[in-house]
């Protein structure tokens, strides 16, 4: 095996290890939201984290987690992310698209409502001294199926 072959093999192994770490990062991110472990969630995010959802955009890890913890305080959520498309775009940068389904039950303005949704998360990731962190996420829903007779709020929390 030549030096070039060995270098390519090492690069391929590193790329696969990075992709696997990013998969685990997205899994933890989702679990921390569903279990409301806000401190653990903060640890997965870059300080300048950016989020875009139906509810608007938020900049900064503190603003995002603060808003999410408030809007989901009475909610029960279950998120499922699958079929990742992860691309390493630089030595310390990556992108990912994840198919998602979620189930949300909560009370808003005194009325209970539940829905199931589906769509895609479009993420960016950055490698830090502590490992890969989420730099941004954008949720693009394809469907929202109400499970209660109460109308869904607009925008969704």
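Given the peptides 62-71, 8-17, arrange them by the average over their residues of other C-beta atoms within 10 Å, most packed first.
62-71, 8-17
Only counting other Cβ atoms within 10 Å, I'd like 22, 88 sorted with the fewest neighbours first.
88, 22
Can you give the FRET efficiency to the nearest 0.05 for residue 85 and residue 105, using r as the Cβ-Cβ distance and R₀ = 25 Å?
Rounded to the nearest 0.05, the efficiency is 0.25.
For the chain, find the longest principal axis of its Cα atoms and tell me its angle to the long axis of helix 3-35, 0 to 90°, nearest 10.
Tilt of helix 3-35: around 20 degrees.
Please arrange 20, 3 by counting, for each residue, the other beta carbons lying within 10 Å of its beta carbon, fewest first.
Exposure proxy ranking, most exposed first: 3, 20.
Who wins for biggest fluctuation among 131, 43, 90 in a Gaussian network model of the chain, springs between alpha carbons below 10 Å?
Maximum among the listed residues: 90.
Give me 7, 38 sorted ascending by neighbouring Cβ count inside 10 Å, so fewest comes first.
Lowest count first: 7, 38.
Which whole-number percent gives the relative contact order of the chain, counting Cα pairs below 8 Å spaced six or more residues apart?
Across the chain, relative contact order equals 21 percent.
Between residue 63 and residue 24, what is 0.36 nm times their sequence separation minus the Cα-Cα distance? Round to one decimal in nm.
Full extension of this stretch gives 11.7 nm more.
At 0.36 nm per residue, and after removing the present C-alpha to C-alpha distance, how many nm does the segment from residue 77 to residue 15 gain when stretched out fully?
That works out to 19.1 nm of additional length.
Quick one: angle between helix 61-71 and the longest Cα principal axis of the chain, in degrees between 0 and 90, rounded to 10, please.
30 degrees
Among 102, 123, 39, which one moves the most in a GNM of the chain with springs linking Cα atoms closer than 10 Å?
Between 102, 123, 39, it is 39 that shows the largest mean-square fluctuation.
Pop a pseudo-label 7 angstrom from the Cα along the beta-carbon direction at both residue 36 and residue 145 and give the gap in nm to one decimal.
2.7 nm
When all C-alpha to C-alpha distances in segment 1-153 are sorted into bins of 5 Å, what percent of pairs does each bin hold, rounded to whole numbers?
2, 9, 16, 20, 19, 13, 8, 5, 4, 2, 1, 1, 0, 0
Every number in this text was worked out from the coordinates using simple rules, so none of it is lab data. Keep in mind that this is a model prediction, so the values were computed, not measured. Note that each Cβ is placed from the backbone with ideal geometry, even for glycine, and that neighbours are counted across all protein chains shown.
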